[in-house]
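Here is the structure we will look at.
Taken together, the values in this text are just the output of simple stated rules run on the coordinates, not laboratory data. Quick caveat: nothing in here was measured; it's all calculated off a predicted structure. Counting neighbours? That spans all protein chains shown, and the Cβs are built from the backbone with ideal geometry, glycine included.
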Amino acid sequence: MVMCCQVLEHVSDPIEVIENMTGVLKKGGYLYIEVPNSNVFMAYSDVEIHEHINFFFRETMLFIASKFGFRVRTIEADYSYKTLLVKE
């Protein structure tokens, strides 16, 4: 299992980071990604998000799964998207 919690919103190239994480997983391996739920942050103007350079939505998490050959095991959404993916 590879875990990436509250990181991808801060890096300049999240695709490269995901490629690197994916490269160490075998078939059936898990990738857990947790990123802020941009729907929530954008609804509240008083929330400081200036340090975030990437924004994630449910559709983004589904795109990541599809692009990198993962099956979505779960996506839980509250203030963050907690996404568990399985490498196919």
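Remarks
- Between 0 and 90°, nearest 10: helix 14-23 axis offset from the chain longest Cα axis: 20 degrees
- Distance between modelled label sites at residue 1 and residue 55, nm, 7 Å Cα→Cβ extension: 3.1 nm
- Restricting the chain to chymotrypsin sites (Phe, Trp or Tyr not before Pro) that sit in a DSSP loop and have at most 13 other Cβ atoms within 10 Å of their own Cβ leaves 44, 79.
- Helix 58-67 vs. the chain, principal-axis angle (Cα, 0 to 90°, nearest 10): 30 degrees
- Calculated FRET value between residue 12 and residue 77, using beta carbons and R₀ = 25 Å, to 0.05: 0.50
- Of the residues 24, 40, 11, the one that moves most in a GNM of the chain with alpha-carbon contacts below 10 Å is 24.
- Taking all Cα-Cα distances within the chain, those exceeding 20 Å account for 30%.
- For the range 71-88, 3J(HN,Hα) computed residue by residue from phi via the Karplus equation (6.51, -1.76, 1.60; θ = phi - 60°) reads 9, 7, 8, 8, 9, 9, 10, 9, 6, 10, 8, 9, 10, 10, 10, 10, 6, 9 Hz, glycine and proline entered as x.
- Efficiency of FRET between residue 43 and residue 19 - r from beta-carbon atoms, R0 25 angstrom, step 0.05: 0.20
- Exposed trypsin sites (Lys or Arg not before Pro) absent: longest stretch of the chain, with sites in DSSP loops and at most 13 other Cβ within 10 Å deemed exposed: 28-88
- Listed by chain and number, the lysines whose alpha-carbon sits under 19 Å from that of residue 26, ignoring those within fewer than 8 places in the same chain, are 67, 87.
- In a DSSP loop and with at most 16 other Cβ atoms within 10 Å, the GluC sites (Glu not before Pro) in the range 1-84 are 48, 51.
- Expected 222 nm ellipticity per residue - DSSP helices of 4 or more, -39500 (n - 2.57), all of the chain, to 500: -8000 deg cm²/dmol
- In a reduced charge model with +1 at each Lys and Arg Cβ and -1 at each Asp and Glu Cβ, the chain shows a dipole moment near 660 debye about its Cα centre.
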